[in-house]
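Asks: Let me give you the structure first, and then I'll get to my questions.
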Amino acid sequence: MNPYSKNYREISHYASSNAEDGYIYVEGYGFAPPPPVVTERRLLQWYANGIGFSTLFMVFFSFTMPYLVLGVAEVLFPATRIYGNQIVASAFVIELINTASSALSLALPFILFAFLCRAPFKVVLPFKRFPCSIGIPAVFIALGVSVIGLFSSTLLSAVAALFGLTPVMGAVSMPQDFEAAILFVLRLAFISPFIEELVFRGIVMNTLRRFGDSFALCVSAVLFALFHQNLVQAPNAFLMGLVIGYFTLCTGSLWVGVLIHVINNSMVLMLDGVLSLLPVEYYSIIILLVYAFYLVSGIAGLLYLVRRHPNMFMLLRSSTFSSERKKYFTFFSSATMVVSLIVLGMFLLQNIAFL
């Protein structure tokens with residue numbers, strides 16, 4: 001039967017209103033296949049459960065992977081010793097263990113998910129050249145948006161304080177050892193941004209694009225924000241996830257997302273380094289000057305792209321069978337996704353201090 005015929009649409013409507021799975025008997029037509037909206041919903045649930053399982057495995061690996069990497073480090077670096085919960089090793093080896101375990105914990109579960117999806121890796125991970133006329137302004141726009149994200153985080157902290165809550169973020173300090181410090185900078189400025197882009201803007205967003213670009217963009221940004229597991233970074237991570245994801249969609253290349261992420265993290269490290277060398281009384285003026293530069297350059301980059309590409313900031317309406325509200329409900333109400341959201345929420349609550 002032609003899926004575009006009137007009779008087929010009537011059968012599909014009847015079937016969708018009377019059953020949710022399997023072939024449905026319709027008098028006069030025999031057994032009709034499930035309507036497209038049901039098939040699409042099942043597929044979305046499968047993807048949601050897959051991403052939920054990947055998130056749970058990521059949490060599990062974050063606790064177990066350091067011990068596996070530590071076992072390898074004992075072989076490669078004989079001076080490494082373990083005494084109960086104490087690790088006796090050089091600062092470089094400890095930083096190497098942290099770098100490897102964090103990268104593997106995040107990447108492996110989602111790479112397995114992409115493999116099970118049978119999605120072509122050239123489609124899911126499109127590492128190709130992108131036009132500099134878009135990539136460079138995108139960097140400045142993202143830096144400008146980061147100021148809005150930081151302001152949102154400050155506002156959220158102020159609102160939380162009204163209820164006796166203080167969002168906190170774990171302190172990250174640079175090692176004193178030179179080699180360990182180099183690896184620390186590489187991890188925060190290059191390795192982590194690359195892995196996070198591979199996962200969130202690559203595997204998560206591109207596998208969900210079959211359900212609409214705007215849906216895939218928003219879901220990947222929400223998961224990226226929750227991945228940080230604290231309210232201090234969550235607003236900024238969400239906004240940056242939207243910006244990076246949007247320009248990844250526009251250019252069709254993950255490299256533009258990696259570029260934005262690397263420069264943003266590098267600027268944060270550079271600013272922290274500069275502030276550590278200056279007297280405390282100069283902190284405020286330096287930060288204000290940097291944020292002003294971010295905002296002005298971001299506005300300039302936005303105006304440049306709007307003038308050069310007038311239709312660039314328009315996402316086409318998705319041609320899916322389900323409504324946007326139904327897709328979000330289906331995705332976030334899937335069993336393993338609910339469990340993963342609860343687990344991430346528990347970590348988020350652990351990073352909230354009560355006054």
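Asks: Dividing the alpha-carbon Rg of the range 266-355 by 2.2 N^0.38 Å yields what?
Replies: Values: Rg = 21.8 Å, N = 90, 2.2 N^0.38 = 12.2 Å.
This ratio for the range 266-355 stands at 1.80.
Asks: Additional query: Expressed in nm², what is the orientationally averaged projection area of the convex hull enclosing the Cα positions of the range 96-224?
Replies: On the way: hull surface 44.3 nm².
If I average the Cα hull's projected area over directions, I get 11.1 nm².
Asks: Roughly to the nearest percent, how much of the accessible area of the chain is carbon and sulfur, given a 1.4 Å probe?
Replies: Values: 13720 of 19830 Å².
Summing carbon and sulfur atoms, their accessible area is 69 percent of the total for the chain.
Asks: Using only the alpha carbons, work out the radius of gyration and Dmax of the range 186-334 in angstrom.
Replies: Values for the range 186-334 (Cα only, Rg and Dmax): 17.5, 59 Å.
Asks: Okay, moving on. Considering every pair of different Cα atoms, what Kirkwood radius, in Å, is found for the chain?
Replies: 22.9
Asks: Between 88, 219, 262, where does the largest GNM mean-square fluctuation fall for the chain, given springs only between Cα atoms within less than 10 Å?
Replies: 88
Asks: Whole-Hz Karplus ³J(HN,Hα) for the range 187-196, in order, using 6.51 cos²θ - 1.76 cosθ + 1.60 and θ = phi - 60°, x for Gly and Pro?
Replies: Once θ is set to phi - 60°, the couplings for the range 187-196 become 5, 6, 8, 10, 5, 4, x, 5, 5, 5 Hz.
Asks: Return the distance in nm (one decimal) between the two label points of a simple spin-label model at residue 161 and residue 349, each offset 7 Å from Cα along Cα→Cβ.
Replies: The two pseudo-label positions are separated by 2.4 nm.
Asks: Starting from the Cα-Cα distance between residue 299 and residue 123, subtract it from 0.36 nm times their residue separation and give me the gain in nm to one decimal. Could the numbers behind the result be given before it?
Replies: Working: separation 176, 0.36 × 176 = 63.36 nm, distance 3.18 nm.
Taking residue 299 through residue 123 to full extension adds about 60.2 nm, to one decimal.
Asks: Net charge near residue 186, counting Lys/Arg +1 and Asp/Glu -1 over other residues with Cβ under 15 Å of its Cβ?
Replies: Working: positive: 187; negative: 95, 177, 179, 196.
With Lys, Arg at +1 and Asp, Glu at -1, the net is -3.
Asks: What percentages, rounded to whole numbers, describe P(r) for the range 74-129 computed over all alpha carbon pairs with 10 Å bin width beginning at zero?
Replies: Histogram of Cα-Cα distances, whole percents per bin: 19, 32, 22, 20, 8.
Asks: Counting only Cα, what are the radius of gyration and maximum Cα-Cα distance Dmax of the range 169-231, in Å?
Replies: Rg, Dmax (Cα atoms, Å): 15.3, 48.
Asks: Against the longest alpha carbon principal axis of the chain, how many degrees, from 0 to 90 and to the nearest 10, is the axis of helix 6-18 turned?
Replies: Rounded to the nearest ten degrees, it is 60.
Asks: Gain in length, residue 269 to residue 151, computed as 0.36 nm per residue apart minus the alpha-carbon separation, to one decimal in nm?
Replies: Numbers: separation 118, 0.36 × 118 = 42.48 nm, distance 1.87 nm.
Stretched fully, the residue 269-residue 151 segment lengthens by 40.6 nm.
Asks: Students often get this wrong: which residues of the range 304-343 have the backbone nitrogen under 17 Å from the point 7 angstrom along Cα-to-C-beta of residue 59?
Replies: Flagged as within label range: 332-343.
Asks: Applying 1/(1 + (r/R0)^6) with R0 = 51 Å to the Cβ-Cβ distance of residue 323 and residue 173, what FRET efficiency is obtained, to the nearest 0.05? Kindly include the intermediate steps, with their values, before the conclusion.
Replies: Numbers: r = 48 Å, r/R0 = 0.94.
Using R0 = 51 Å, I get an efficiency of 0.60.
Asks: Which whole-Hz couplings ³J(HN,Hα) result when phi for each residue of the range 301-308 is put into the Karplus expression 6.51 cos²θ - 1.76 cosθ + 1.60, θ = phi - 60°, listed in order with x for Gly and Pro?
Replies: Each residue of the range 301-308 in turn: x, 5, 5, 4, 5, 5, 6, 7 Hz.
Asks: Further question: Please list, short to long, the whole-number percent of alpha-carbon pairs of the range 295-340 in consecutive 5 angstrom bins beginning at zero.
Replies: P(r) for the range 295-340, in whole percents per bin: 5, 17, 12, 12, 10, 9, 15, 14, 7, 0.
Asks: Any idea which of 152, 208, 193 is furthest toward the positive side of the dipole for the range 117-220, if Lys and Arg beta-carbons carry +1 and Asp and Glu beta-carbons -1?
Replies: About the Cα centre, the residue reaching furthest to the positive side is 208.
The values are calculated or read from the model by the stated rules, or taken from the named source; none is laboratory data. Quick caveat: nothing in here was measured; it's all calculated off a predicted structure. So basically every Cβ, Gly included, is an ideal-geometry build from the backbone, and we count neighbours across all protein chains shown. The accessibility values were calculated without ligands, DNA or RNA, using every heavy atom of the protein model including side chains. Shrake-Rupley method; radii C 1.70, N 1.55, O 1.52, S 1.80 Å.
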